[in-house]
Amino acid sequence: MKNIFIDNDIVLDLLTMRQPHYEAVAKVFTLAENGKIKLSVSPLTFANTNYILSKKLSAIRSREILGKLRMLVNILPITAKTIDMALTDALFKDFEDAIQYHTALQNRQDIILTRNLKDFKKSKLPVMTASEYLSASENI
């Protein structure tokens, strides 16, 4: 089973039904629901998503949505080593992306799914969009 780290944009595409990305992301989450893949996020994803959702929804509704998301994803730890690696990684301009990347790397994820491929140009892990992953994984 593939361990797939999903970036915050993938989660937001699903939860906000953002077009034109929603259909591919929904299919990825369906694969996870059916036990074909394992999706993981960092704790940052929950904090960031709550912040964005709570701008449009009530705090209660935002947490209900995040509770449903929690049933679908594994939450990987961010350690002091993760932060240290992100702080010293000059390959990433965006500190949050560096944290996400090192969380995925330290937790032995197979792939990173993101909509912003340019943010992970120097990744040692394969990086794909949801659509690219689905095209490459037609035999799942």
**Item:** Filter result for the condition that a residue is surrounded by 21 or more Cβ atoms within 10 Å (Cβ to Cβ) and under 20 Å from Asp94 (Cβ atoms), over Val11, Val28
**Value:** Val11
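Every residue, every condition in (1) in a helix (DSSP H, G or I); (2) at pLDDT below 95, yes or no:
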site: Thr49; (1), (2): yes, no
site: Leu69; (1), (2): yes, no
site: Ala90; (1), (2): no, yes
site: Lys93; (1), (2): no, yes
site: Asp97; (1), (2): yes, yes
site: Gln100; (1), (2): yes, no
site: Leu105; (1), (2): yes, no
site: Lys124; (1), (2): no, yes
site: Ile140; (1), (2): no, yes
**Residues satisfying the stated conditions in the stretch 107-119, i.e. surrounded by 17 or more Cβ atoms within 10 Å (Cβ to Cβ), modelled with pLDDT of 90 or more and of a type outside the set (Lys, Arg)** = Asn107, Gln109, Ile111, Ile112, Leu113, Thr114
**Prompt:** If only one of Ile75, Ile37 is under 17 Å from the mean Cα position of the chain (by Cα), within 21 Å of Ala130 (Cα to Cα) and without any contact (Cβ under 8 Å) to a residue 40 or more places away in the chain, which one is it?
**Reply:** Ile75
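The values are calculated or read from the model by the stated rules, or taken from the named source; none is laboratory data. These numbers come from a predicted model, not from an experiment. No Cβ is skipped: glycine too gets one built from the backbone with ideal geometry, and neighbour counts run over all protein chains shown.
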